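Let me begin by presenting the structure, written as structure tokens, before commenting on it.
The values are calculated or read from the model by the stated rules, or taken from the named source; none is laboratory data. This is a predicted model, so every value here is computed, not measured. Positions of Cβ are generated from backbone atoms using ideal geometry, with glycine treated the same way; all protein chains shown enter the neighbour counts.
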Amino acid sequence: MTLNVGNCSRCGKLYAKNNIHDVCPACVKEIDKMYENVAKYLRENRGSTIQQVSEDTEVPVKQIVRFIREGRISIMNMPNLNYPCESCGEPIREGHICENCRKKLSKDYQNLTEDEKRRQQQKQQENHVSYNIKDRLQKDRF
Ligand SMILES: [Zn+2]
Ligand SMILES: [Zn+2]
């Protein structure tokens, strides 16, 4: 068995890594506690915004957003709960970015794959050329 040690992505402490968490056990416990506070608060305050939740539970907005993205907290029944799109700041209720930015990004992605294709074609041609040279060299030798 190999000992897999890494730095906690939250507090930076060294800990024995596993595949379940990317944070150390102490942080897992802390996050669980925050989750319970947020979940409990939301059960009683369905109409609150993410800022209100954060202020009253003292859990950072970022962490609440993470709970939502991870699916640990469902905001289906929380009409006022949303968080800003990472790209333009528009309020969204799922994923990292809003619909508009998603469309824009997928366009960018298509361009990228076109570029990628071209680059790979070029590479293939280069390989072909070098293969020919090798071929020639070998023939020369014999
Ligand atoms: Zn930690
Ligand atoms: Zn956006």
### Selection status of Lys40, assigned to a helix (DSSP H, G or I), more than 15 Å from ligand 1 (Cβ to nearest atom), within 23 Å of Cys85 (Cα to Cα) and without any contact (Cβ under 8 Å) to a residue 24 or more places away in the chain
no
### Message
Quick test of your reading of the structure: Glu114 fulfils all but one of (1) modelled with pLDDT under 95; (2) within 22 Å of the chain's Cα centre (by Cα); (3) over 30 Å from Leu14 (Cβ atoms). Name the failing condition by number.
### Response
(2)
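If you check Ile75, Ile31, Ile64, Ile97, which single one turns out to be in contact with a helix residue (DSSP H, G or I) (Cβ under 8 Å, 6 or more places away or on another chain), within 16 Å of ligand 1 (Cβ to nearest atom) and among the β-branched types (Val, Ile, Thr)?
Details: Ile75 fails: within 16 Å of ligand 1 (Cβ to nearest atom); Ile64 fails: within 16 Å of ligand 1 (Cβ to nearest atom); Ile97 fails: within 16 Å of ligand 1 (Cβ to nearest atom).
Just a single option satisfies the conditions, and that option is Ile31.
May I ask you to list the residues in region 1-23 that are assigned to a strand (DSSP E or B), surrounded by 11 or more Cβ atoms within 10 Å (Cβ to Cβ) and either near ligand 1 (Cβ under 9 Å from one of its atoms) or among the β-branched types (Val, Ile, Thr) (or both)?
Just the residues of region 1-23 that are assigned to a strand (DSSP E or B), to begin with: 5-7, 14-16.
If we keep only those that are surrounded by 11 or more Cβ atoms within 10 Å (Cβ to Cβ) too, we end up with 6-7, 15.
Listed by number, the residues that qualify are Asn7, Tyr15.
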